[in-house]
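Comments concern the structure below.
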Amino acid sequence: MTQQQLSPPSSRSPGQMTATMRAATPPAPGPKVLRIGLVLGGKMIEERIIKERTHVTIGPSEKSMFVVPSRAIPPSFKLFEIVGSEYHLTFLEGMSGRVALKSGVADLEGLKGAAKRVQSGNTQAYQVPLTEEARGKIVVGDTTFLFQFVTPPPVQARPQLPSSVKAGLGDQIDWTTTIIAAFSFLLHFGAVGSIYSDWMDPVIDDENSVAALIESVKQLPPPPVEQPKETETDTAQTAQAAAEAPKAAGPSKGAAPGKVSDARATAIVNELQQLEMQMLGALNASGNATAGVLASGDVSLGLLDGAASSSSGVGRGGIAGLNLGGGGSGTVRPGAIGGSGLAGIGDTSSGGPATAGSTQKVKGPVGSANVGGAAVSGGNVANASSVVAGMSAGFRRCYNRGLQEDPTMKGSVRVTAKIGPNGEVLSATPSGGGLSGTVISCVVARVMSAQFSPPEGGGATIVIPVTFVSQ
């Protein structure tokens with residue numbers, strides 16, 4: 001019976017994919033870094049990789065890298081301390097744990113004989129050097145620290161925005177096309193500018209231009225002779241005839257030469273009326289003027305007899321401008337010869353020269369200024385009413401001057417006066433209508449010249465309404 005011998009199992013070689021990945025993975029640059037995990041109550045509550053080779057401290061102090069609420073250790077105890085360029089494990093009495101070194105796995109109690117004694121504050125500690133292959137756990141009270149050395153993680157690239165977001169306006173411009181277009185515009189506009197430049201214009205001779213202007217002025221036709229208007233001629237003739245008429249009747253004493261007085265003008269009008277009546281009597285061949293009126297028989301003679309016999313009828317004298325003559329106020333008898341009554345209207349005999357009536361000087365309209373109550377605002381003015389009432393005489397004089405220019409003028413004005421701290425009028429603003437600018441300026445000047453009591457509060461505004469009416 002042949003017994004088959006079993007060869008011992010050979011070590012399994014890594015797969016092809018694993019070998020490929022190991023070959024593609026570059027070796028880690030620099031020494032390994034310390035990886036520490038914090039276990040509390042059987043649960044991993046924190047894990048940290050110490051990328052920078054520095055001391056790892058534990059203790060109840062907030063400045064420690066790992067805060068451990070234990071009074072058995074100093075406030076900041078260096079559990080892993082760098083001595084030179086290597087990490088050393090430092091532990092105290094009361095700590096437990098196991099550490100895997102090159103020599104094998106050992107407890108902290110077994111490492112105390114080979115450990116270096118160091119002084120940590122007031123407490124004596126033990127220190128053991130660690131290599132990059134070391135790993136283990138350290139128990140401090142209820143807290144357990146797991147540690148090992150691992151390859152440092154690769155440096156992560158800084159996050160960058162995508163190119164579409166970072167691209168600005170300059171990145172979106174097609175610079176080739178832009179440069180070609182710029183040179184094209186420069187060439188074309190330069191050509192147009194050279195065509196319309198000043199060096200293409202001809203030279204201007206100022207002397208020839210001035211000489212040509214003088215010649216053109218000389219050749220202008222003469223202006224037409226202005227003919228006097230017929231209206232002006234007729235007006236001149238009428239004025240001359242009116243001036244000759246007083247000379248024929250005899251110049252009046254005291255009248256200025258070249259000007260007809262009112263009395264003389266009235267006498268001329270009376271004479272013309274008398275001449276017209278005499279002319280009517282001379283042209284009527286059938287009798288006097290009364291007979292001509294009654295010739296047609298249209299008017300009843302009984303009416304005329306009743307009017308003549310009535311004491312309130314037509315009387316003698318100059319009633320209604322008839323100038324019947326005779327004294328008293330008796331009734332007029334038709335056909336009576338005495339005096340120059342109706343029978344003498346057509347008398348063509350020359351009478352005495354007529355005299356003008358008495359002249360009276362006609363007075364122009366008189367203005368009245370009614371000043372309303374002054375409205376004070378902004379501060380109390382003690383004598384506002386009295387000062388405004390005293391301005392009425394000045395306002396009336398201003399209105400009378402305006403009536404000499406326009407007798408029909410009337411209207412009202414409201415003057416807003418601003419009073420200063422000392423009672424002076426700082427400004428006066430008029431508003432209203434119906435009055436000329438001369439009257440309004442005079443009223444404003446009168447208000448500006450007024451002086452009031454100092455207002456309370458340093459300033460005030462007074463509105464003065466004035467109404468102007470001609471009498």
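Read the figures in this text as sums done on the coordinates, not as results from a lab. Keep in mind that what you see is a predicted model, and the values were worked out from it rather than measured. Methodologically, a virtual Cβ is constructed for each residue, glycine included, from the backbone with ideal geometry; neighbour enumeration extends over all protein chains shown.
Dividing the mean sequence gap of close Cα pairs (under 8 Å, 6+ apart) by how many residues region 82-179 holds gives a relative contact order of 25 percent.
A simple count of charges around THR467, restricted to other residues whose Cβ falls under 12 Å of its Cβ and scoring Lys, Arg +1 and Asp, Glu -1, yields +3.
Summarising the label geometry, the points placed 7 Å from Cα in the beta-carbon direction at LEU161 and ALA211 lie 7.7 nm from one another. Modelled spin labels at SER197 and SER377, positioned 7 Å past Cα toward Cβ, are 7.0 nm from each other.
Using Cβ counts within 10 Å as a stand-in for footprinting exposure, how do VAL366, VAL99 rank, fewest first? It would help to have the intermediate numbers written out before the result.
Values: VAL366 11, VAL99 21.
The order, fewest Cβ neighbours first, is VAL366, VAL99.
Restrict the search to region 30-69; then list the GluC sites (Glu not before Pro) that DSSP places in a loop and that have at most 16 other Cβ atoms within 10 Å of their Cβ. Each step should come with its number before you reach the end.
Numbers: sites: GLU46, GLU47, GLU52, GLU62; in loops: GLU52, GLU62.
Answer by residue number: GLU52, GLU62.
Extending 7 Å from the Cα toward the beta-carbon at both ARG98 and GLN172 defines two label points whose distance is 6.7 nm.
Please report, in whole Å³, the volume per residue of the convex hull around the C-alpha atoms of region 33-150.
Spelled out: Cα convex hull of region 33-150, divided by residues, is 104 Å³.
The local environment of THR151, defined by Cβ-Cβ distances under 12 Å, has a net charge of +2 under the rule Lys, Arg +1 and Asp, Glu -1.
About its Cα centre, the dipole of region 367-470 is roughly 180 debye, where the only charges are +1 on Lys and Arg Cβ and -1 on Asp and Glu Cβ.
Between beta-carbons, use under 11 Å as the cut-off and find the net charge around GLU132, counting Lys and Arg +1, Asp and Glu -1. Each step should come with its number before you reach the end.
Numbers: positive: LYS32, LYS102, ARG135; negative: GLU86, GLU133.
For residues surrounding GLU132, the net value is +1.
Between VAL366 and LEU275, the C-beta separation translates, for a Förster distance of 30 Å, into a calculated FRET efficiency of about 0.15.
Between LYS137 and ALA182, what length comes free when the chain is fully extended (0.36 nm per residue of separation minus the Cα-Cα distance, one decimal in nm)? Can you show the working numbers first?
Working: separation 45, 0.36 × 45 = 16.20 nm, distance 7.52 nm.
Difference between extended and current length: 8.7 nm.
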